1. Would you point out which residue out of A:Asp150, A:Asp192, A:Asp142 is among the acidic types (Asp, Glu), away from chain D (no Cβ under 14 Å) and either in contact (Cβ under 8 Å) with a residue 24 or more places away in the chain or out of contact with any Gly (no Cβ under 9 Å at 6 or more places or on another chain) (or both)?
2. Residues of the range A:11-62 being within 14 Å of chain D (Cβ to nearest Cβ) and free of Cβ contacts under 8 Å to residues at least 40 places away in the same chain, which ones?
3. Restricting attention to strands (runs of 3 or more DSSP E) lying wholly within the range B:1-108, give those where 2 or more residues are modelled with pLDDT of 85 or more, on the phi < 0 side of the Ramachandran plot and not aliphatic (A, V, I, L, M).
4. For A:Gln345, indicate whether it is in contact (Cβ under 8 Å) with a residue 12 or more places away in the chain, out of contact with any Cys (no Cβ under 7 Å at 6 or more places or on another chain), over 20 Å from A:Phe97 (Cα atoms) and assigned to a strand (DSSP E or B).
5. What residue, of D:Ala166, D:Ala196, is surrounded by 19 or more Cβ atoms within 10 Å (Cβ to Cβ) and in contact with a Leu (Cβ under 8 Å, 6 or more places away or on another chain)?
6. Out of the residues in the range A:153-189 that are within 14 Å of chain D (Cβ to nearest Cβ), part of a strand (DSSP E or B) and touching a helix residue (DSSP H, G or I) at 6+ places or on another chain (Cβ under 9 Å), state the one that is farthest from C:Leu48 (Cα to Cα).
7. Here is a check on your reading of the model: is A:Leu204 within 25 Å of the chain's Cα centre (by Cα), surrounded by fewer than 22 Cβ atoms within 10 Å (Cβ to Cβ), under 25 Å from A:Val355 (Cβ atoms) and not aromatic (Phe, Trp, Tyr)?
8. Find the residue count for the range B:114-128, including only residues that are of a type in the set (D, E, K, R) and either more than 10 Å from chain D (Cβ to nearest Cβ) or touching a residue at least 60 places away in the same chain (Cβ under 8 Å) (or both).
Amino acid sequence: MVEPLFITDVDGKIKPLLAESYEVSSDGLVYTIKIKKGVKFHDGTPLTAEAVKFSLERLLDPKVRVPGRHNYLVMKKIEVVDDYTVRIYLKYPFAPFISLLTGTNTGIMSPNSAKKLGDKITKDLTGLGTGPFKFVEWVKGDRLVLERNDNYWGEKPKLRKIIFKIVPDAHTREAMLLAGDLDMIVLPPAADIPQLAKNPDVKLWFSNASRTMFVVINTMYGPLRDVRVRQALNYAVDKEAIVKKILFGLGTPVDSPLPWFFPGYKSLTPYKYDPEKAKQLLAEAGYPNGFEVTLFSPNGRYLFDKEVSEAIASYLEKVGIKVRIQILDWPTFVASILQPPEKAQFQLIFLGWGVGTPDSHFQFYLRFHSKCFTPNGFNFHFYNNSEVDKLLDEAMKTLDPEEREVMYQRVCEILWRDCPVIWLYMQSYVVATSSKVKDIIMYPYEMFGLQKAYIEG
Amino acid sequence: MNMGTLLDIRNLYVYYRTTRGYIKAVDGVTFKLADHEIMSIVGESGSGKSTLAYALMRLHDPSQVYIRGKVIFNGTDLLSLNEEEMEKIRGSLISIVPQDPNTALNPVYPVGEQIAELFRYKQDLSPKEAKEISIKLMQRVGIPDAEKRYYDYPHQLSGGMKQRIAISIAIALKPKLIIADEPTSALDVTVQARILELLLEVVKEVGSSMLMITHDLGVAAEVSDKICVMYAGKVLEIAQKDEILRRPLHPYTRALLNVVPRFHKSEKRLFPIPGSVPNLLSPPPGCRFYPRCPYRSNTCTKKEPRLIEVLQDHWVACSMWSKLEEVDF
Amino acid sequence: MNETLRLLLKHKGGLIGLCIVLGSVITALLSNFITPYNPYDADLNRALQSPSIKYPLGTDEQGRDILSRIIYGSRFSLFIAFTSVAIGALIGIPIGLISGYYGGWMDYIVQRITDILLALPGIVLALALVAILGPGLMNLIIAIGIGFIPTYIRLTRGVTLQVKSMEYIVAAKMLGLSNFRIIFRHILPNILPPLTVQLTLHIGSAILGAAGLGFLGLGVQPPHPEWGAMIGTGRSYIFRAPHLVLFPGLALFLVVLGFNLLGSALQEILDPRLRRG
Amino acid sequence: MALLRYLLKRLFGLFLVVFGIVTILFFILNLTPGDPARLLAGFEATEEDVETIRKALGLDRPLHERYLRYMLNLLRFDLGNSLRTGTPVIEEVLARLPNTILLAVSSMSLALVIGIPLGILAAVKNNSIIDYLVLIFSIIGNSIPIFWLGLMFIVLFSVKLHLLPAGGSGTPLHLILPSITIAIYLSSYIVRFTRASILEVLNQEFVRYAFSKGLPRNIVLYKHVLRNALIPVLTISGLQFGALLGGAPITETVFAWPGIGKYIVDSIFAKDYPAVQGSVFIFALAYALVNLITDLLYVIVDPRVKLEGGEESE
């Protein structure tokens, strides 16, 4: 409905969408972006540099609630050069800046409709976007209705109307799909995937990458300070069995800290399930008969989160590590893990990390840089590795993609060996539709595109 | 007018089943009641008189009570009838005036309706007709402004008023036999006399016979033609009222009369009967009154005295009856 | 007391109830000896197996033997039920006794508070309490126990008022017995019959309550086998492996049935009016 | 005049009870760990964002001040906004109230239709096989864990037979399973209560007297006995209906039925204080009103009851 300047395509590459092209100044501080001509907003007004300036400045306005706002604070000034060119000045060189402009919340809105809507904007999005579908109606907690935008600048969509129904319970969604009340559902109950796959009038769509799941290790806690113990944890857990038996195949064990299409991705030798090696490493590190740990896990947030945590706990018990599981509802879970090192009561956390902005910087900086210990970042591991810090700071500034690639590869190798986490798997993002639905685009970051989709017959 | 026999009870036994054995409430009773005759059944509480009354109407729960004997009423033995036939007789041929009107009337229905329902269900009259007759009946039994009272609920009426309603119910279908189960004992004394008067009036007017069950000899004397004395499930003496009052032959009847203060006799002292009613689970052998009888002899313990007609229409069940000296009461 | 026992053994329902209750208590006590497998031993390769000779009730999503978990689970359900009802009774009864006996403004306040607590749906009160205290066995017991207090206050107060007006209590007062002695020597023994009935019936509903919270995920924390939690987890496999939900539910039903049968039999025995034949 | 005085007295009592509930809940919920501001700000938000939201929501004010403000708003039926969706709680609750009422009405009427006839049958045919079977049904009825029963119905009717939807709302079909589940539980109480009540009335004198009037058996049973026996049943059903207005939280969760019960459970899980307090407030109000209506009905059904609020039967 609302389109950003750039988009990460199915192949993981960043391509221009509303932007035509862009240049970066040699010092990486000034970005000049050309805007596509002849594009109209749903309210008929033309897409101009002015609209881009308006939309991007909104991100900086503290009164507007923007998830992940701190990333955008890198922008110092946005200047309109001419009707179709806009120049953005950064406070410091920030290599992944362009990937920032692919996020959905950087979508470009029509200033004219935005002013008309005022603060009703949280309920009514008429005329705001440029996308293939226009806003019709939104009843919170029930449905969102979109309609085809006939004068869309790109390839005209085939679907006339899309109705999104809010159905929180997976089984109910599945029942409605089978009963024909719905043509398409997201995240069907994992346990029923094999059955659905065999069902002739149901088609399953898989994205080849999405949320990576792992167990945070509190590297400041006694035995976990020793890398051998952390590696032992990685050997002790049978990831293949968890994916096959608990997720019913809806995941792929990871072979690197980064998803495959991120700069710096390099396939590394996975930690095969080897309880004997784990025991041996524990003995070497001086903990032959294990120790006690507490594992925090959310309930209902990720795919089978409670069940996977239980499985991990029983695997660790098998190598002598006694695990006390705390299953918490989401708000309590969030509150209890965002603690400074001295107040953290956890040693392990079952956690997931989405793709979000497709640049390695966002996968590593906030999670592994020693400056970002919780609560002012997401370094739950309290991981402190000077070489990694140096590499991350450097990679953020260097503009040359090859050089960044090498740096991030180096970071991957260090993290993979140092194991601040137990590497697990990447959850697959599944959509189930009736067999009549065709041509859905499955992006590698838990999103799907319906601009080319159609219903046969 | 010929006094045909309306009710002929022969060897009636009524035992209550309990976890500890049978309580022999009515243990072989025989007596007759003629048309238009009013007979009182007198006895202390627990003598089985109420049990007898409700047994006649077959109102006991068969699973709880064992009944044997004959109750010939108007030519048919009531004990042999099935429930439907008995249902037709109740209310139309035999009716009851309850002991305590406060608990007898249904608290959530207007009193008038509880009269009218007899006509609606037993005689298929229309609600309007049933209401009219009921109001006339209420007026007949002396209830002031019956139209309004028709809609009152039981808790809005006095005890006496409610007993009048019960009487109107009893005479509604002009039954042949009315059983009055201590109709005045739950009422205060001032009202008792007028209710008795009313009862006698209507019974005579309807021409039905009446079985008056009471523990008060005074009531019996005032109301009935014939008196039957019961004790511990057995009939001890039956005779015409004047006959029995003047010449009680059974020691128990005599003792009962001593208890009643007499105005025309200046007795100084009343003689209470020593001892108490025997346990009906395992009654003593021989005469049940033996332990409390001043005239007892050893024969009384061996043989159980049978009820025999010793004088013209004067029955008594006591082997020592002839030895009692003539006493003029 | 043995009179009631004699009648109880003759009472068909009561007898069955007694057997079930004794059976479940014994199973709970001996649970760690009679479980065929270790209830915590997981192995994903044998997950979600339907009932077989090797695993009579099948295995759960972690590959643990459901029969062993149910047997071991009885320990939790009964422990939670007995302790929470005990909390409810031990706090509720004295308050009910005193408030009923002394009356006055104190009684009025206690009554209003019980009205309030009874107006709140038990489950919401329990949910709110567990939300504060956090999930876990002890917090669950406290949450459910508190839910029972108002019922016991009201029950005891009712019976106290009845008994208080009886002559022998008035007589005891006249003899100058101290109030304390009167309450605990005279009134309390009279309250026992109706209370024993309530206690047995409440244990049944306490088990259900605990299982309800367990079902929502607020009860006993994994990996412990509490029946409600097992049903809650099994729910997401309902289409594919219904036996995960079926058997813990049956166990729950059976034990609660036992207590209810026993409770209603006691009720009939102690309240002659309802006695049948 | 008596009616007015009685109503005022009851309304004051009602106000007190509701006030008590809201106060208790306010303090219970505000002591729970977990920080709504952080929840609202989202996972990646920075500390300042969380702070701005905490100020906006007034969560930084001292507890007693927040309590007073909350109470004042309550009088204007302003229950504050839900932390999760931002919409006023009053809107969300009122949107769901009809669903809960619908479920409550349908399960209660089903329970009465099952419960009362069975209760009568059991009482009339006392000590017979039927009486025994009915008693067994009622004991089983309230021993079955409701949520498990619901799941079993889903397995049977949705999974195996594909007859009924597994959950959610919309068509009348969705209503069938949840109401049957609740009805079975409720009717087990109603059966037993009706049976006991009828047995008690059967022992009363006016029944024997009615039989002595020779009235047909079922007139005595269905007119005289039933009318008296159903009064206490009315009170019990009134109380149970009131409790149902809280939505059967667990049953609604099992069937994903969008009622207040499910809303309360979800809100508690999401630490959405205003939503929990708001919905319990509305529920307490509805519960008290239903009790009041039951008492008034009592006066109509039982002529002996005066308006002093106390049942004064002879």
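The values are calculated or read from the model by the stated rules, or taken from the named source; none is laboratory data. None of the values given here were measured: they were computed from a predicted structure. Ideal geometry is used to build each Cβ from the backbone, glycine not excepted, and the neighbour counts take in all protein chains shown.
1. On the way: A:Asp192 fails: away from chain D (no Cβ under 14 Å); A:Asp142 fails: away from chain D (no Cβ under 14 Å).
Only one candidate passes the filter, namely A:Asp150.
2. Scanning the range A:11-62 gives A:Leu60, A:Asp61, A:Pro62.
3. Details: elements: B:5-18, B:21-34, B:38-42, B:65-73, B:94-97.
Passing ranges, in order: B:5-18, B:21-34, B:65-73.
4. Considered against the rule, which asks whether it is in contact (Cβ under 8 Å) with a residue 12 or more places away in the chain, out of contact with any Cys (no Cβ under 7 Å at 6 or more places or on another chain), over 20 Å from A:Phe97 (Cα atoms) and assigned to a strand (DSSP E or B), A:Gln345 comes out as no.
5. D:Ala196
6. The qualifying residue farthest from C:Leu48 (Cα to Cα) is A:Lys165.
7. yes
8. Number satisfying all stated conditions: 2.
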